[in-house]
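These notes are about the structure you will find just below.
Every number here is computed from the coordinates shown, using simple stated rules; none is lab data. Please read all numbers here as calculations on a predicted model, not as lab measurements. Ideal geometry is used to build each Cβ from the backbone, glycine not excepted, and the neighbour counts take in all protein chains shown.
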């Protein structure tokens, strides 16, 4: 277990310490937080744009981050020689592979949790804007305290990371990603706690988060399949061909998924199930979650097998 | 009772291309034994098969033919690999980890408990003169400092066998002297060391036995004391012996 934790923790730290990760975290969260600004485009339902922005951020930025991190963490280790130094010790190759993918999945989960909190906050802000607009007429520019919280915490995270780097030599990108992710639940909590004076018909940030959780979990599992797939490919292929195959697999999973090998993203994209105030019950989310989990296990086993037969020179 | 830590018999390694066609014959049937307590030098020109031999001993490459045993077990047996430490040719380290995190990472991989890992890490960082820089990311270290971190990582679990691939490559004279001192002190404590290097003066200083490889075959070897005793110029004994063996 100690070996597994050491490997997984290092993979997570390396994934989060990449400059690309900080850019993706910031872009994803900024996209979600700024959605309420476009309050004239609600697609028939207050907060729907913000919600779809949140899911899209996880799907697009999450997929880029996760596949890049998996290819980088496993592929680069094998090419650079750190894997040789590790596997020369009493570390089974299957453990090495599974732990590395787990570390990347942990980093992806952190991103997903941050986006989920940001989406709840953003959707609430959109709903507040819509309510205030209907009460006070056109031209209302108030989106409640939430927008300030969300944007403020995001900017403060970067400022704190810069200060930590300046004064304590802490790694900037790693600190920025962690603070960005940890800042989102705080922003949500603060908006929830200080929500005095909000329109009476506003359902509240907490129930919004609970409603978003099941489809977010399902989508996270769908994205995680590609992390395991990218990791498995990285055990045998160099960066460019592995990236090309993962990109093709992502496109295929939208257009023509291969049963028992690739997820049908349409089954994991459940944002439409929340339309009109509906809730996705866990009893419906769980089968999609289970199907994704089986595909993750399949690719983990494949990757472990490929690595165990590989010569590491 | 067999006292050999490493036993290699008739080792052959042929690298193949994507279509499994033979690409290069790296080893053509070598035999060697490393006894307990030896500081064993595996010497040879570039492409002679030193690193390939080491990687087969470490279980990273599979032999095409022949037999290899490590502590009397197959090289990929975890029980055997749990007893060794490895310093690769280049200091392959995770650039984002600090020196302290790197050594603790390898302590974790060796299965040390948290408390022991902390104590050993602090000890080794102090011993290597890295305590003041222990919280800096190793990606920004000089080659010599990175080598010291890699050394600390290889030693953290107190291995019985230490495998060093070009330990002094690229180091300045002072850092090279430190590494040689370290190898000597480890040998004095009873550790078995398998070392490869092109630095023949350094090898003559630290090794008790050597084997010379050329084009995948053993072309010479023996105890350093014997080689020095038979040489007309004891200061350059190993260099002369190496040149004579390789050119023969």
Over the whole of A:79-86, what's the average partner chain Cβ count within 10 Å per residue? Rounded to a whole number, please. 6
Efficiency of FRET between residue A:273 and residue A:294 - r from beta-carbon atoms, R0 25 angstrom, step 0.05: 0.70
D_trans [Stokes-Einstein, Kirkwood Rh over alpha-carbon pairs] for the range B:152-202, 4 °C, 1.567 mPa s, µm² s⁻¹: 113
What's the percent breakdown of Cα-Cα distances in chain A across 20 Å bins, shortest bin first? 32, 53, 14, 1
Over all directions, how big on average is the projection of the convex hull of the alpha-carbon atoms in the protein assembly as shown, in square nanometres? 29.8
Projected convex hull area of the range B:94-169, Cα atoms, direction-averaged, in nm², equals 4.9
If you average the sequence gap of Cα pairs under 8 Å that are 6 or more apart and divide by the length of chain B, what percent do you get for the contact order? 25
Calculate the spin-label point distance for residue A:248 paired with residue B:208, positioning each point 7 Å from the Cα along the beta-carbon direction, and give it in nanometres. 5.7
Using the alpha-carbon atoms, what tilt in degrees (0 to 90, nearest 10) does helix A:282-308 show relative to the longest principal axis of chain A? 30
FRET efficiency for residue B:62 and residue A:166, Cβ-Cβ distance as r, R0 = 56 Å, nearest 0.05? 0.65
Taking only Cα atoms of the range A:173-313, radius of gyration then Dmax in Å: 19.5, 66
Quick one: go through the range B:132-154 and flag any residue whose amide nitrogen is under 20 Å from the point 7 Å out along the Cα-to-Cβ line of residue B:177. B:143-149
What distance in nm separates the two pseudo spin-label positions at residue B:229 and residue B:73, each 7 Å out from Cα along the beta-carbon direction? 3.7
With labels modelled as points extended 7 Å from the Cα through the Cβ direction, what inter-label distance (nm, one decimal) is found for residue B:23 paired with residue A:238? 1.1
Taking 0.36 nm per residue of sequence separation and subtracting the Cα-Cα distance, how much length would be gained by fully extending the chain between residue B:158 and residue B:9, in nm to one decimal? 50.8 nm
Virtual paramagnetic centre 7 Å along Cα→Cβ of residue B:82, amide N under 18 Å, in the range B:107-131: B:107-117
For the protein assembly as shown, what is the percent of antiparallel DSSP beta bridges, rounded to the nearest 5? 60
Could you compute how fast chain B diffuses translationally, taking Rh as the Kirkwood radius over C-alpha pairs and applying Stokes-Einstein at 37 °C with viscosity 0.692 mPa s? Give it in µm² per second. 175
Virtual paramagnetic centre 7 Å along Cα→Cβ of residue B:185, amide N under 16 Å, in the range B:99-141: B:120-132
Pull up the DSSP beta bridges for chain B and report the antiparallel fraction as a percent, rounded to 5. 60
